[in-house]
1. Please sort by residue number the GluC sites (Glu not before Pro) in segment 3-79 whose DSSP state is loop and whose Cβ has at most 13 other Cβ atoms within 10 Å.
2. Of all alpha-carbon pairs in segment 42-84, indicate the percentage at a distance above 15 angstrom.
3. How large is the translational diffusion coefficient of segment 1-74 in µm² per second when you combine the Kirkwood radius over alpha carbon pairs with Stokes-Einstein at 10 °C and 1.306 mPa s?
4. By how many nm would the segment from A59 to A10 lengthen if fully extended, with 0.36 nm per residue of separation less the alpha-carbon distance?
5. If you rank R76, R81 by fewest surrounding Cβ atoms within 10 Å, what's the result?
6. For segment 2-68, what is the relative contact order in percent, using Cα pairs closer than 8 Å and at least 6 residues apart in sequence?
7. Say R0 is 35 Å: what FRET efficiency, to the nearest 0.05, do Q80 and E32 get from their beta-carbon distance?
8. What net charge do the residues around L65 carry, taking every other residue with its C-beta under 14 Å from that of L65, with Lys and Arg at +1 and Asp and Glu at -1?
Amino acid sequence: MDTPELNALAKEEQAERYDADAWHEKIAGYVEGRTSVSVTQGLEHIGKDLKDCTQADSARVGRVLTALGWKRRRVRVDGQREYLWFPPESPSHPVITQDHTDSFVKDEELPF
């Protein structure tokens, strides 16, 4: 049986078992107040040299972002499709453009 109550209970149980990653605090501080973030930005913020990063490092950042309630979405950035992470309250299909400071800003909604 899949009910909203059962889903909420399962989510609580999972949260109680979550063993916070050593990167959790640093990533949480970095994403606070942001409208979107890429895994690459998270890796750079924790001081990882991108040429030495592995898929495991990327997945680790993704697990931390998931634990923080962020959702991964495929969006357009300067005409290219890529994955970014968004806080729970953000719109479901933003178009992202890169400004001169390399931060991502919402431009408009995608038509789907």
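1. Passing sites in segment 3-79 are E32.
2. Percentage above 15 Å: 52.
3. Working: Rh = 13.6 Å.
This corresponds to a translational diffusion coefficient of 116 µm²/s.
4. Numbers: separation 49, 0.36 × 49 = 17.64 nm, distance 2.25 nm.
15.4 nm is the gain from fully extending A59 to A10.
5. The order, fewest Cβ neighbours first, is R81, R76.
6. Computed over segment 2-68, the figure is 34 percent.
7. Numbers: r = 27 Å, r/R0 = 0.76.
Result of the calculation: an efficiency of 0.85.
8. +3
Each reported figure results from applying straightforward, stated rules to the coordinates on display, with no laboratory input. Quick caveat: nothing in here was measured; it's all calculated off a predicted structure. Cβ: placed from backbone, ideal geometry, glycine included. Neighbour counts: every protein chain shown.
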